[in-house]
Ligand code: SF4
């Protein structure tokens, strides 16, 4: 067995509910979250059994392993980063709303959905009793659960009990505005969990170069999705753009000695092609 396989041989075992890897950064104080570079103190009077959210809608999952499945998106409020190309900055800027967990649960059954996607903002900011209670009900109802996270906050053992898919989209330093505080990805916490997928948004060459550097931290048993940034305007441009990046992936797969490259998929963001939310 090669070294890298040995290094990750524990990765497919169930997560240890107690042991945690030391993080190089000071852990976040969940009562204080960064908002646009400033620290905002979260209202301590959170209504019982509620989550702070920005919007909730049903649509089709356009990315990753559940691509094409109808689902309920719950966009939770706020984020601890300020990426310059963020297309959901309103999750940080709009006033916080509260939704009762029964409302989310009922919505799933009203629409006959079997997949729920917690997105943001940064959904792992809300690992709390209300969230665990909701996950417990969803899990027992055989609903597939996904969190779309930027990977800077480690999942709690309590959250992992419900075996959610964690789709981690790490952010490079160059994605943040100059002078803003940068939060490192908590690589080891996600590399150890078997239900982690990785997503990298590729807008320019330096994003792709950075993605290749990140392969050193990724468990080779986990799946990786590359998505071109959806900024080009015409369908023709998009086709060229996607084909260009498909060649990058193919070439990198052929030439990279890193075993993680065999799990790289080129994603196309189906929801953007279908023009749905
Ligand atoms: S981590 Fe995601 S939600 Fe947060 S600012 Fe960056 S792109 Fe936007």
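What follows draws every value from the coordinates through simple rules; no lab data is involved. Fair warning: this is a prediction, and the values are worked out from it, not measured in the lab. Reconstructed Cβ throughout: ideal geometry from the backbone, glycine too, with neighbour counts over all protein chains shown.
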Once you place label points 7 Å from the Cα toward the Cβ at residue 128 and residue 57, how far apart are they in nm? 2.6
Extended-chain gain in nm, criterion 0.36 nm per residue less alpha-carbon gap, residue 229 and residue 272: 14.4 nm
Starting with the highest mean, order 123-131, 109-117 by the number of other Cβ atoms within 10 Å, averaged over the residues of each peptide. 123-131, 109-117
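With the cut-off at 1.5 for a/c, could you classify the stretch 91-166 from its C-alpha gyration tensor as rounded, prolate or oblate? Write down the numbers at each step before the final one.
Details: a/c = 1.66, a/b = 1.16, b/c = 1.43.
Since a/c reaches 1.5 but b/c is at least a/b, the shape of the stretch 91-166 is classed as oblate.
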Test of understanding: what is the full-extension gain from residue 96 to residue 112, defined as 0.36 nm times their sequence separation minus their Cα-Cα distance? 3.0 nm
Got a sec? Which residues in the stretch 157-191 would a label at residue 86 touch, if it sits 7 Å along Cα→Cβ and we count backbone N under 16 Å? 169-185
Between residue 141 and residue 216, what is the spin-label point distance in nm, taking each point 7 Å from the Cα along the Cα→C-beta axis? 4.5
